[in-house]
Every structure is written in structure tokens, then in C-alpha cells.
Amino acid sequence: MRILLQFPEGLKQRALGYAKELERQGNEVFISASPTFGACDLALDEAKSIKADKLVHFGHAEFMRADFNVEYVEYRMDASLDAIEKSMGELAPYRRIGIVTTVQHVHQLEEIKKIYEAHGKEVAIGKPYGFARHSGQILGCDVGSAAAINNSVDCFVYFGGGLFHPLGAVYATTKPFLAVDPFAGKWLWLDGYREKRRKEEKRMLVRASDAMRFGVLVSTKNGQHNMNLAKMLKARIEKDGFEAAILVSNTFDFDALNNMMEIDAFVNTACPRIATEDFERLRKPLLSANLLMELIKSKEEARRQL
Ligand code: SF4
């Protein structure tokens, strides 16, 4: 069988070992060397170009069905739970705790739950929604397992490294939110990021208030592709007498977008985190679909008052 292997950046260091093992089993094996941003980002074009029979995507849980033979190999990692014990004092004011993590650690949630319960806490693990496949699992673009239990917990704990995943959940919830990092052995309350994000959005709306020409971003990555939404937004922009064009790319290059000097504001329909994490790399404002609708409403309101 001809197989294309695809690894997220953190697992590319193991690619050769997997490839050689599959070769020993009699397969013809290739490795995708392209950047991989998430489970949304299947190397389907590469797999089809080399006429592979199968794409094996490592590291992530299944995201969505593809018109190709794709095997997802989830990656699990046992991280030390010491930081959970050590950060227990932070949770003293709270009784009901919602816990979330990434796919790498979902198998550790039950153990974490027992630790909290031994300290007299009630623990909730939300069911998966949308793209997530496991209870308590969050993705950068799908935090339904946190949002679903927001009203039934006093606070949240995220277990895992980095801030990219927990921040998505912070923006979608309203309760105190502690990130416990087992690798750094540290923990941090993230609530301040909610206000920071709200201020960023307000500034973005002000910067876009005079925009006349909009570029609507559409990614060709199979899990980020949203042409219907882009067409709807373009039509909505044009209905109000402004200009819009749909800008297509697999991976958006911010220098290339900055070269499109005629565009006054960009509207994102690709990975939703581009609008929260990468907006500072663009010279022009970058709006989510929701922010665009707010902008249109305020422009209409301003017109009515003329
Ligand atoms: S759409 Fe964005 S956040 Fe969601 S899996 Fe892809 S890269 Fe991650």
C-alpha cells in the first residue's frame, strides 16, 4: 500500500521511525513535510498528488469525514499530575470544578477527577460537541465541552501545556479559569484574557469603521473551508454598498495579505483562532464574521442618524 504520513509539528521528530516500521511491513511510505496546523489540516492534496492509497494523520482525533481514505492515530501522553496537587490551594473558594484538556491527556481526566474528589470537590467533565471526540476534550476551535458545563461549575481547570487551547475556552466561558501546566509545573489564572480580548475587539471595530473594501478569507484546508459563509458575508457587505472579494489560500501568508493594499479590512472564515492569535501580523483590521455583522450594524446605524 502507498501511504502518506502526516505529523503535527511536535511529532515530526518521530516521523522517520513510523515510516521505517510501515516500510518493514511492505508499504511504500512518504512523509508530508508541510506544516500541519491541526486536525482540520489534512494533507489531502499531497496524498492525491502522489496517488497514495491512504493518508495517516498522527496526533489528533478525527475531525471530520474526508473524501479519502484517512486513518487518524491519536497521540496520548502521560504527564505528571504533581501540579494538580500543588495548585489545589488555588481552588479553595470553589466546590464544583469543570476540567478540560487536549486529546493528548483526555485519558488522564478520570485520574484528575479522583484527585479533586479526594479533596472534597465535585467534578464535571463536559460531553464532546462539534469537532471534539472525547469528553472534556477541547480544540482551539471547539470548546463545547467547557461551554456546555459553564452554568453548572464554579470554576474551570485546564490541564496541559501552552495557552492556545485554554484561551479558546476562556473566551467561551464566564467562570474563573485556571490553566495547570504539567510540563512547566506552573499554574495561571486566565480570566484577565477575557477583558483583554474584549478590548482588542473594540479596537478592531474602531479601526474598521471607515472600511469600504473587504477581503473575505477562505482556506482550502478541508476542515477550515467555509465558502458558503464567505459568499454570504460578501453578499451582505455588498448589500450595504461596500466592495468585497473572496481571498483563497491553503495557508494564509500575512506578508502576502499585507501586500493587498486596496483592502481596508479582512474578514476571517478560516480557522477562528487566526482572528484571535494572528491579527497583529496584519496591517489592516481582521474581523470575525460576528464582528463584521457588528460593524455593518453600526455603519447602518450611523447612516440612519445622518
Ligand atoms: S481550525 Fe484552527 S483551532 Fe481548529 S483544529 Fe484547525 S488549526 Fe486548530
Tell me, what ³J(HN,Hα) does each residue in region 178-193 have, in order and in whole Hz, if you take phi through Karplus 6.51 cos²θ - 1.76 cosθ + 1.60 with θ = phi - 60° and put x for Gly and Pro? 9, 9, 10, 9, x, 7, 8, x, 10, 9, 8, 7, 9, 4, x, 5
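How would you order 218-230, 289-301, 162-174 from highest to lowest mean count of nearby Cβ atoms within 10 Å?
On the way: 218-230: 18.7, 289-301: 15.6, 162-174: 20.2.
Highest mean packing first, the order is 162-174, 218-230, 289-301.
For the pair Leu11 and Asn69, what calculated FRET efficiency results from E = 1/(1 + (r/R0)^6), where r is the Cβ-Cβ distance and R0 = 25 Å, to the nearest 0.05? Working shown, then result.
On the way: r = 21 Å, r/R0 = 0.83.
Efficiency for this residue pair is about 0.75.
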Quick one: 3J(HN,Hα) in Hz for region 232-246, Karplus 6.51/-1.76/1.60 with θ = phi - 60°, rounded, Gly and Pro as x. 5, 5, 4, 4, 5, 5, 5, 4, 8, x, 9, 9, 8, 9, 8
Have a look at Ile112, Ile149, Ile50 and tell me which one the Gaussian network model of the chain (Cα, springs below 10 Å) gives the largest fluctuation. Ile50
Pairs of Cα atoms under 8 Å, at least six residues apart: use those to get the relative contact order of the chain, whole percent. 12
For the chain, treating each Cα as an identical point scatterer without solvent, what Debye log10 I(q)/I(0) comes out at q = 0.16 1/Å? -1.27
Under 5 Å, built H, 5+ apart or other chain: amide partners of Gly59: Val73, Glu74, Tyr75
Lysine pairs meeting the criterion (Cα under 27 Å, 8 or more apart or interchain), as found in region 198-304: 25
Of Ile99, Ile274, Ile138, the most mobile residue in a GNM of the chain (C-alpha springs, cutoff 10 Å) is Ile274
Using the Cα gyration tensor of region 82-190, with a ≥ b ≥ c the square roots of its eigenvalues, what is the shape: rounded (a/c below 1.5), prolate (a/b larger than b/c) or oblate (neither)? rounded
Which cross-chain or sequence-distant (5 or more) residues have an amide H under 5 Å from the amide H of Gly98, H modelled 1.01 Å from N in plane? Ala124, Asp154, Cys155, Phe156, Val157
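If the viscosity is 1.002 mPa s and the temperature 20 °C, what translational diffusion coefficient in µm²/s does Stokes-Einstein give for region 7-115 when Rh comes from Kirkwood over Cα pairs?
Working: Rh = 16.5 Å.
Answer from the Stokes-Einstein relation: 130 µm²/s.
Can you give the calculated 222 nm mean residue ellipticity of the chain, where each DSSP H run of n ≥ 4 adds -39,500 (n - 2.57) and the sum is split over every residue, rounded to the nearest 500 deg cm²/dmol? Present the calculation step by step, with values, prior to reporting the outcome.
Working: 11 runs with 99 residues, N = 306.
Estimated from H runs of four or more residues: -9000 deg cm²/dmol.
Quick note: the coordinates plus some simple rules give every number you see, no bench work behind them. Being a predicted model, the structure only gives us computed values, none of them experimental. Because the Cβ atoms are built from the backbone with ideal geometry, glycine has one as well, and the counts that use them run over all protein chains shown.
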